[in-house]
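Following: one structure in structure tokens, then a few remarks.
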Amino acid sequence: MKELHDFVQTFIDRKAALVQALGQHLAISFWALLIAVIIAIPVAIWVRRYPKVAQVILQLTGVLQTIPSLALLGLLIPFVGIGTVPAIIALVVYALLPIFQNTYVGLTEIDPSTEEAADAMGMSPSRKLFRVELPMAMPIIISGIRTSMVMIIGTATLAALIGAGGLGNFILLGIDRNNTSLILIGAISAALLAIVMSYFITILQKMKFRNVVILIGTIVVIGGGFAGYTAVSQLNQKVVIAGKLGAEPEILINMYKDLITAKDPRLDVELKPNFGKTSFLFSALKSNQINIYPEFTGTVLETLTHSSVTPKTPAAIYHLGKQQLAQQDQMTYLKPMAYNNTYGIAVKDSFAQRYHLKTIEDLQNVQGKLKAGMSMEFMDRRDGLKLVERRYHIKFPVKGMEPELRYRAIHDNQINLIDCYSTDSELRQYHLTVLKDNKHVFPIYQGAPLMTQEFAKKHPQVVSSLNKLAGKISEKQIQQMNYEVNVLDQSPASVARHYLVKHHLIKE
């Protein structure tokens, strides 16, 4: 009963966000399906007379479907940025095969006697196509469209990873916060949307071809007009602030918003929480799809500027990152906060006590007992797992896992060693011990607002507002705020505002 109550309460609390996510998901799915239909059906009609060409296209569309969706999205980012456009392109790629294949099969398997009868009646090729061939092939074509539609709606949940929104936001947030209700809301909504769209396609199947064209044309005009209006309206003075996945970035961007609007209430500030990983956010910032996001000094040197030198002191790390960002990417990096959200290696308290583990170096004594689960980013970084193994001369089996899943895995004793961030609320929630980095492998990670130089020059009041956080927030304070959001289920907005009011950064 408690689970049902939590589900209902979560649904009520987030119904407005759900409606928005449904709209985004439906829009992405509709445009992807429509574009796939416009491409696949005419191509299938053209190649029906050329079987060898048709086989090549079938093979090509089949190969495209084997590309992992995340890999395809990653490949598209350098060319079209992040957001809705790459999501739609990826979905179109996956939708082509069922529509093309069914259209081709439907047209080529028409009884030859029917074709001959149409020719005998003196029908032109175009008249025969629209009056005889397409109507006879329509059930098979519709079946292919329905298959593509279900595939699109399911795959579109990944659009949330690149800032395109949709129901994937609920699923990703649920995984990050270990909130089953959010995951179920996203998954059930996607399933219901697929059912509704399937029913809509069934209705189209019963309509006359002309009426279908008119209906779809009307939807396209209305949808295109709304999209155009939205795009134009966003050209106004709107400040878009995005954050990475997780509670902490969402708390920070809510602080940014409150500080900015406290100084200038007329400024329209839009938040995009759980927008994606570092590379996605930085690409969005460079392409002006967002204006600000919180970034960490260590990440700047390792991931964004690929610095070959890492200074030892926090101030030197920040100043080098700020200088390199300005030179390489024309970015403005504001002053950092106090806390250091660095990497760590953690084990259960009980495991640490049993084997007398206090430092990472102590793991040398229990290498044969270790089963690690770590984030893919930590495993790949030069200052992550690779450096830990090299500096501490240890080696152990490790599985790549999503950040939140590794906490659940260690809690369930599926693994016994994880990477972590020093401010993670889960360290307190799951009773974990962070082993001391006595060889200073992990660099300093202090968070600060990142924006383009052009934006900073146009909005000096935003810069001065955000600089109020410089040197503020201790490691203990941010871990407590993360705990309040992740475990006590308080909203990031209320937690952020409470801190700012309590420390006299804004008025009540």
Here the FRET efficiency for residue 390 versus residue 67, based on Cβ atoms and R0 = 30 Å and rounded to 0.05, is 0.35
By the mean-Cβ-within-10 Å protection proxy, highest first, 256-266, 443-453, 37-47 rank as 443-453, 37-47, 256-266
Ordering 74-81, 155-162 by per-residue average of other C-beta atoms within 10 angstrom, highest first, gives 155-162, 74-81
Most packed first (mean Cβ within 10 Å per residue), the peptides 491-502, 272-283 order as 272-283, 491-502
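Do any trypsin sites (Lys or Arg not before Pro) in segment 1-109 lie in a DSSP loop with no more than 11 other beta carbon atoms within 10 Å, and if so, which?
Answer by residue number: 49.
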The farthest towards the positive end of the charge dipole of the chain, of the residues 157, 341, 36, given +1 on Cβ of Lys and Arg and -1 on Cβ of Asp and Glu, is 341
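Out of segment 79-154, which GluC sites (Glu not before Pro) are coil in DSSP terms and have no more than 12 other C-beta atoms within 10 Å? Before the final figure, lay out each step's value.
Working: sites: 109, 115, 116, 133; in loops: 109.
Sparse-neighbourhood loop GluC sites (Glu not before Pro): 109.
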Looks like segment 2-233, by Cα gyration tensor root eigenvalues a ≥ b ≥ c and the a/c under 1.5 rounded cutoff (else prolate when a/b is bigger than b/c, oblate otherwise), is prolate
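What do you get for chymotrypsin sites (Phe, Trp or Tyr not before Pro) in segment 311-390 restricted to DSSP loop and a cutoff of at most 15 other Cβ within 10 Å of the site's Cβ?
For chymotrypsin sites (Phe, Trp or Tyr not before Pro) across segment 311-390 that sit outside H, G, I, E and B with at most 15 neighbouring Cβ atoms in 10 Å, the list reads 355.
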Row for segment 343-435, column shape: gyration tensor on C-alpha, a ≥ b ≥ c, rounded if a/c < 1.5 i.e. under 1.5, prolate if a/b over b/c, else oblate; value rounded
quick note, the chain, DSSP beta bridge pairs, % antiparallel (nearest 5) is 50 percent
Expressed as a whole-number percentage, the relative contact order of the chain with C-alpha contacts under 8 angstrom and at least six residues apart is 15 percent
Among [x] -0.25; [y] -0.29; [z] -0.36, the value of log10 I(q)/I(0) by the Debye sum over Cα atoms at q = 0.06 Å⁻¹ computed for this structure carries the label [z]
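Over segment 93-213, what is the relative contact order in percent, taking alpha-carbon pairs closer than 8 angstrom and at least six residues apart?
24 percent
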For residue 386, counting only aspartates and glutamates whose alpha-carbon sits under 17 Å away and dropping same-chain residues fewer than eight positions off, the answer is 302, 361, 377, 419, 437
Which of 286/476; 335/476; 335/507 exceed 31 Å between C-alpha atoms? The answer is 286/476
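Classify segment 441-502 as rounded, prolate or oblate, taking a ≥ b ≥ c as the square roots of the eigenvalues of its Cα gyration tensor: rounded when a/c is under 1.5, otherwise prolate if a/b is larger than b/c and oblate if not. Walk me through the numbers on the way to the answer.
On the way: a/c = 2.38, a/b = 1.49, b/c = 1.59.
It is oblate, given that a/c is not under 1.5 and a/b is not larger than b/c.
Taken together, the values in this text are just the output of simple stated rules run on the coordinates, not laboratory data. This structure is a prediction, so every number in the text was calculated from the model and none was measured. Glycine gets a Cβ as well: all are built from the backbone with ideal geometry, and neighbour counts include every protein chain shown.
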